[in-house]
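Following: one structure in structure tokens, then a few remarks.
The values are calculated or read from the model by the stated rules, or taken from the named source; none is laboratory data. All figures in this text were calculated on a predicted structure; none of them were measured in a lab. For neighbour counting, all protein chains shown are included, and Cβ atoms are generated from backbone atoms with ideal geometry for every residue, glycine included. The area values use the complete protein model at the heavy-atom level, side chains included, leaving out ligands, DNA and RNA. Shrake-Rupley method; radii C 1.70, N 1.55, O 1.52, S 1.80 Å.
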Amino acid sequence: AVDAERARIARELHDIVSHNVSLMIVQAAAAREVLTSLPDDASAALSAVEGAGRTTMTELRHLLGLLAPAADGTDSADLSPQPSLGRLSPLIDRIAFAGLPVEVRISGEPRPLPSGVDVTAYRIVQEALTNAVKHGTGGRAEVTIRYAERSVRVEVLTSGPSVLTGDEPRPRDGDGTGRGLLGLRQRVAVYGGDLDARRRLGGGYRVRARIPVDPS
């Protein structure tokens with residue numbers, strides 16, 4: 001039980017830190033490139049770095065507040081709402097500002113999902129788009145959410161050149177570990193679902209997941 005809880009916490013920390021810090025790195029590099037030639041663009045990029053940093057701190061406070069509540073039973077941390085498919089817009093905006101246009105498609109009748117399933121679906125989109133920003137060069141992305149009677153399906157397609165090894169994205173600068181997709185597979189498996197991630201012919205890659213949902 002302790003090992004399982006440690007693995008769950010590790011997945012949460014990876015999803016929170018890896019996504020936001022990756023965007024901060026991309027935006028900081030962009031700001032450095034145009035600092036003297038396009039100061040307004042550099043300022044916008046630095047504002048994005050600040051926003052990503054604040055988001056990271058908020059999500060970490062949320063996680064730490066759940067793990068270690070105050071001794072008096074209260075928690076002074078700013079507990080923001082849990083990530084969910086209903087909160088995709090800020091994520092899409094951050095990814096688009098980092099240089100990857102994203103189109104979102106919803107199929108079926110959207111409905112409330114169990115909390116764990118909702119968070120897992122969000123994390124799939126987050127990890128796939130973060131990998132595209134980190135490891136891709138140009139291109140665009142498509143996110144499709146399909147609501148079926150007994151499942152929710154998530155698919156993220158990216159186009160353009162990418163650097164992949166097997167099923168796992170490999171960064172150009174060698175800083176990837178493959179932990180992200182492994183963690184996603186573990187998350188999905190908890191609910192009896194499956195996840196497939198692989199390169200696409202012509203460049204880019206595809207992440208596709210099916211998560212069963214009890215219709216009751």
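Whole-Hz Karplus values for the range 19-34 come out as 4, 5, 5, 4, 5, 4, 5, 4, 5, 5, 5, 5, 4, 4, 5, 10 Hz, taken residue by residue from phi with 6.51 cos²θ - 1.76 cosθ + 1.60 and θ = phi - 60°; glycine and proline positions read x.
Any chance you could look up the accessible area of R61 with a 1.4 Å probe, heavy atoms only, rounded to 10 Å²? R61 has an accessible surface of roughly 90 Å² with all protein chains in place. The solvent-accessible area of R210, taken with every protein chain present and a 1.4 Å probe, is close to 60 Å². Taking packing as the residue-averaged number of other Cβ atoms within 10 angstrom, the listed peptides 21-27, 111-117, 33-39, 124-130 run from highest to lowest as 124-130, 21-27, 111-117, 33-39. Remark on G204: its backbone amide H falls under 5 Å from those of G160, S162, a criterion applied only to residues 5 or more positions apart or on other chains, H modelled at 1.01 Å from N. Kirkwood analysis of the range 104-160, using all unique Cα-Cα pairs, places the hydrodynamic radius at 12.2 Å. For R206, R187, R199, the ranking by accessible surface with the largest value first comes to R199, R206, R187, using a 1.4 Å probe.
With a 1.4 Å probe rolled over the protein heavy atoms of all chains, the accessible area of H14, H135 falls in the order H14, H135, largest first. Amide H contacts of V104: V143, each under 5 Å away and 5 or more positions distant or on a separate chain (H built 1.01 Å from N in the peptide plane; Pro and chain starts excluded).
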